[in-house]
Amino acid sequence: QQITIQPQVEVTTLPTTTVYTDESDAYNRIPDSGRERQTVCHSMREYARDDDGDGFYEVHCNTMEGIWVGLRNFLRPFRGIHKKYLYLYVAMFEWSYNLRWIDFDFLRRLLFPPSTYFPT
């Protein structure tokens, strides 16, 4: 029996989603649900691919792998977490990960739309 993540992909993504994966067989059925699958073949030492030649590597799975490394490093000091509370720790990590994009200018624009402040 083939192990697949197809049901989870269908529940958590939109039908128009492009899924970026490695060559694992667990992802083979993703296109069956109408979702596009782009792969890199780690066994052939391919880790990123520039499909259109513009110098930007469109196909890779490094971002998600990097997030998982960050989550593991975030959880390490807690030395074991009960699965009942894991979602709370993941939510806390997600909040802190997304917070890195918030700076003073973002907050100023959020709290004081252009019609309410005067440039300095």
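Throughout, read-outs are computed from the coordinates displayed, never taken from laboratory work. Worth saying up front: this structure is predicted, and the values here are computed from it rather than measured.
Shape verdict for region 1-61, please, from the Cα gyration tensor: rounded (a/c under 1.5), prolate (a/b greater than b/c) or oblate.
Because a/c hits 1.5 or more and a/b fails to exceed b/c, region 1-61 counts as oblate.
Using alpha-carbon pairs under 8 Å, 6+ residues apart, how would you state the relative contact order of the chain in percent?
Taking the mean separation of contacting Cα pairs over the length of the chain, I get 15 percent.
Could you state the angle between the C-alpha long axis of helix 86-99 and the longest principal axis of the C-alpha atoms of the chain, as a value from 0 to 90 degrees rounded to the nearest 10?
That works out to roughly 60 degrees.
Taking the structure as given and computing Kirkwood radius over Cα pairs in Å, which label from (i) 14.8; (ii) 17.1; (iii) 18.1 fits?
Read-out from the structure maps to (iii).
Given 5 Å bins starting at zero, what is the percent of C-alpha pairs of region 63-104 in each, up to the one with the largest pair distance?
P(r) for region 63-104, in whole percents per bin: 6, 20, 29, 25, 13, 6, 2, 0.
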